[in-house]
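Since the structure comes first, as structure tokens, the remarks are kept for the end.
The values are calculated or read from the model by the stated rules, or taken from the named source; none is laboratory data. Since the structure is predicted, the reported quantities are computational estimates derived from the model, not experimental observations. Don't worry about glycine lacking a Cβ; one is built from the backbone with ideal geometry, like all the others, and counts go over all protein chains shown. Accessible surface areas use protein heavy atoms only, side chains included; no ligands, DNA or RNA. Shrake-Rupley method; radii C 1.70, N 1.55, O 1.52, S 1.80 Å.
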Amino acid sequence: MSETFCFTCTCCGKRHQGSPSFAFLAPAPWLEQPAEIQARGRLDSDLCHYQDGDGEHYFARAVLDIPIHGVTDPFIWGIWVSLSRQSYRHYLAHYDEPDINSTYFGWLCNYLPWYPDTYALAASVYPLDRVHRPSLTLHEADHELVHDFKQGISMAKAQQIAELCLHRSAD
Ligand SMILES: [Zn+2]
């Protein structure tokens, strides 16, 4: 049996409806760049690249689904992964008509709330159709996020993480 996720928030007392979904607007390394590097680079809702003293850096926004036990829709993270130059170019070349037979290797480039350091966890990136961002699968690692990706999380844990995300700016 599946159902819709909803809970009464212990922070604001409101009823939050639907499986949680949180997205990062940029990869973490981008935010550390000075304005002149950002100005020569690119950041939009799906793609990011910049060049600094180390060379060129390429990123794509993707989707990580964490199953919630007993609920139809997963907990969704919109997160950035770094791609090789070759993968990024391929992704860009097929942007309007994604190559669903391709898979890219990527490193997670955001720090997810709740979890121990999620930066640079290894992932596979699977392009989907043109209206959906690529989906991620995490590679094996001894990490809570990888465990949750594989095993799913309880509704109680989903609520705790969602409350943290929804209200952390109010702290
Ligand atoms: Zn709330």
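For the range 45-90, how many residues are more than 18 Å from the chain's Cα centre (by Cα), more than 26 Å from residue 153 (Cβ to Cβ) and either in contact (Cβ under 8 Å) with a residue 40 or more places away in the chain or open to solvent by less than 40 Å² (accessible area, probe 1.4 Å) (or both)?
3
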Say we look at the range 14-36 and pick out the residues that are part of a loop (DSSP other than H, G, I, E, B) and within 24 Å of residue 115 (Cα to Cα); which of these is nearest to the ligand (Cβ to nearest atom)?
20
Residues (in contact (Cβ under 8 Å) with a residue 24 or more places away in the chain, open to solvent by 40 Å² or more (accessible area, probe 1.4 Å) and within 19 Å of residue 160 (Cα to Cα)) located in the range 91-118:
111, 114, 116
How many residues, within the range 128-161, are part of a helix (DSSP H, G or I) and surrounded by 13 or more Cβ atoms within 10 Å (Cβ to Cβ)?
12
Residue 39 passes all but one of the listed conditions (1) within 30 Å of residue 157 (Cβ to Cβ); (2) at pLDDT 95 or above; the exception is number (1)
Under 7 Å between Cβ atoms, which residue pairs at least 6 apart in sequence (or on different chains) link something in the range 142-171 that is free of Cβ contacts under 8 Å to residues at least 24 places away in the same chain and within 13 Å of the ligand (Cβ to nearest atom) with a partner that is part of a helix (DSSP H, G or I) and open to solvent by 70 Å² or more (accessible area, probe 1.4 Å)?
none
I need the full set of residues from the range 53-87 which are assigned to a strand (DSSP E or B) and modelled with pLDDT under 95, in order please.
71
If I filter the range 102-123 for residues that are farther than 27 Å from residue 31 by Cα and assigned to a loop (DSSP other than H, G, I, E, B), do I get at least one hit?
yes
Which one of the conditions (1) more than 16 Å from the ligand (Cβ to nearest atom); (2) among the aliphatic types (A, V, I, L, M); (3) touching a strand residue (DSSP E or B) at 6+ places or on another chain (Cβ under 8 Å) does residue 93 fail to meet, given that it meets all the rest?
(3)
